[in-house]
């Protein structure tokens with residue numbers, strides 16, 4: 001049984017509707033509009049996203065990080081002309097800190113069920129997570145909105161001061177530098193930070209634990225020279241060769257703090273890996 005068929009079976013048995021429809025749209029010629037219809041159900045009246053679109057944030061209320069999750073889905077559908085984007089940017093403007101960035105998480109998380117690592121001070125500052133990834137995706141798709149310019153300057157300022165990013169911060173910075181329109185500035189910052197970013201990457205394809213692999217940073221070929229193809233190929237091979245369990249898919253490598261996230265994240269990871277395999281020419285179509 002090929003990887004697409006195994007993935008489809010897993011999603012049919014365990015995946016969220018949105019991930020099943022994403023698979024249909026991207027790999028079986030299904031309707032992209034149906035994916036957008038479901039994604040709208042995760043968007044709140046304030047323009048933000050919640051409702052466990054980011055599975056570790058279980059509450060209905062809007063938070064910054066689910067906006068990034070929504071934007072990655074819109075990116076794969078090339079649907080940044082959706083009205084959801086402008087509404088989400090209005091939401092981001094409403095929660096932006098005085099420094100120009102959106103916080104990692106808002107204090108309202110305390111009132112809703114969430115993973116234990118979603119914690120914050122009462123008045124959180126802007127954070128590169130998720131400001132940098134969101135800004136990068138908006139630039140990629142040529143979106144214009146009043147939120148974007150100050151958010152971009154926030155990212156440049158924080159990146160300029162960065163020396164030793166942690167892994168998720170490095171992921172956000174890589175996305176921003178890969179997509180930012182000021183290529184000269186992006187390449188200069190990348191040259192300065194490349195070794196620090198690589199220090200957060202685990203190169204062993206089968207390393208255990210909550211680690212981050214090259215394909216997490218480069219789910220599609222990057223403009224930036226972060227990894228050679230010789231580094232990426234063993235990880236692409238591992239995606240195809242690693243045992244795909246009917247009950248758990250490819251699995252998650254972090255704490256399953258409540259049972260439902262195993263499959264909610266499981267479906268998301270299936271889609272992430274299938275898209276990566278296709279981006280590198282390892283799947284048909």
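Please tell me if residue 115 is surrounded by 14 or more Cβ atoms within 10 Å (Cβ to Cβ) and farther than 17 Å from residue 180 by Cβ. Criteria met by residue 115. Number of residues in the range 22-48 that are assigned to a helix (DSSP H, G or I) and without any contact (Cβ under 8 Å) to a residue 60 or more places away in the chain equals 13.
Yes or no: the range 97-108 includes at least one residue that is in contact with a helix residue (DSSP H, G or I) (Cβ under 9 Å, 6 or more places away or on another chain), at pLDDT below 95 and in a loop (DSSP other than H, G, I, E, B). No: the range 97-108 contains no residue that is in contact with a helix residue (DSSP H, G or I) (Cβ under 9 Å, 6 or more places away or on another chain), at pLDDT below 95 and in a loop (DSSP other than H, G, I, E, B). Among the criteria (1) out of contact with any helix residue (DSSP H, G or I) (no Cβ under 7 Å at 6 or more places or on another chain); (2) within 24 Å of residue 202 (Cα to Cα), the one residue 173 does not fulfil is (1). Of the residues making up the range 49-57, at least one is outside the structural domain of residue 270 (by TED's automatic domain parsing), part of a strand (DSSP E or B) and at pLDDT 95 or above.
The values are calculated or read from the model by the stated rules, or taken from the named source; none is laboratory data. Values in this document were obtained by computation on a predicted structure and should not be read as measured data. Virtual Cβ from ideal backbone geometry, glycine too; neighbours counted across all protein chains shown.
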